Amino acid sequence: MKQYLELLEHVLKVGKRRPNRTGIDTISTFGYQNRYDISEGFPLLTTKRVGFKTVMRELLWFVKGDTNIRYLVKNKCYIWNEWPFKAYMQSLGHDVSTHEKIRELKAQYEKEFIDKIINDDEFAKQWGELGPVYGKQWRNFGGVDQLQEAINTIRTSPDSRRIIVCAWNPTEVKEMAKKGLPPCHSLFQFYVDTEEKTLSCELYQRSADSFLGVPFNIASYAALTYMVAAMCGLKPKEFVHTFGDLHVYVNHLEQVKLQLSRTPGKLPTLKINRIPEKIEDFTMEDFELIGYEPQEAIKGEVAV
C-alpha cells in the first residue's frame, strides 16, 4: 500500500490551505489517481488498523439499498452517526456551531441518541433516516436498480463501456444534505477483461478525506469488486481510484506524519465463502479476512 502513502505525501507537498463548510481547513489538491492490484492481495492498510467489519457493514448497508443508520447502529457501526446526531441536537435548540460544542453534546447525549435509534421505531424513522444517499441511488435511481443492471450487463455484455453506477443525483442532493452528506464517492465503473476473465473497478471521488475516509473507500470498493466478480464468475483484478478534491484536514496533520513514518506490511487475503443468488443477500459471515497484521490504530476526529 505504498501508493496510499505516496498519496499523502503528494497532498502535503503540493496542496494549499483552503476553508470549507466544516470550519476546519484542509490542505487540498485537485486531481489524482491511484491503482491497486487487488488480485495480489486485499488493499486494507497495514500502516494503521482499519476496521474491516466496519467497512463491510457499511458496504452491505449500501448494497441492500438501506438509508437509515439503524442497521449500522444495531451492528455497532457508528460512522454515519455524526450528521443525524448534529441535526437532532440542532432541532432541540442546542448550539452546534463548532466541533467543540458538538463534542460536549456527544459526551452528554450520544448514548441516549443511539439507544433511541435502536429501540424507538418512530425516533429511528425520523432521526435515523439520512435521505436518498448511496443505497437509494445504487438500487433505485429514478426507478432504476443500477447495481443489478451493472451485474446483468457484466454477465450478458461484458465488453460494454456503460457498466456504470452513479450516486450523484442532482435532483436529490439537497435532501441528502439535510441529515447526511451528498455522495463523496460519486460514480464507479466496472471493466471486464474477457480474455483473462477478470473484473476491474474505477471510482471517481469528488471529495476525499485522505486520512480518515480514503482507507475505507479503498477497502470498500475493492470488496465490492470481489463480490460482483464472484457473482459473475470472474476474478478481481484492479481497483482504480480517481479523485477530485483530495485533502488532509489540518487537525489530522500529526496523524498523517505518524503514518508516513511507518513501513507497509504484507497485504491480507479476502476470501468469499458463499456466493448468494442476489448481491443484497451477502452477509458478514460470507467474508473471511486472512493474514491481516496491521500496526496500531491512529485516531482522528471526523469533520462534520
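Computed from the coordinates by the stated procedures, all read-outs in this text should not be read as laboratory data. Keep in mind it's a predicted model, so treat the numbers as computed, not measured. Note that we place each Cβ from the backbone using ideal geometry, even for glycine, and neighbour counts take in every protein chain shown.
For this structure, a couple of remarks:
- Stretch gain in nm, segment R18-K74, where the contour uses 0.36 nm per residue and the Cα spacing is subtracted: 16.5 nm
- Per DSSP, loop GluC sites (Glu not before Pro) in region 155-242 with at most 14 further Cβ within 10 Å: E195, E196
- Percent RCO, i.e. relative contact order, over the chain, from Cα pairs under 8 Å lying at least 6 residues apart: 28
- A simple spin-label model places the labels of C166 and D115 4.5 nm from each other, with each point 7 Å out along Cα-to-Cβ.
- Sparsely packed trypsin sites (Lys or Arg not before Pro) within region 108-216, loop by DSSP, other Cβ within 10 Å at most 10: R161, R162
- Shape category assigned to the chain from the gyration tensor of Cα positions, a/c cut at 1.5: oblate
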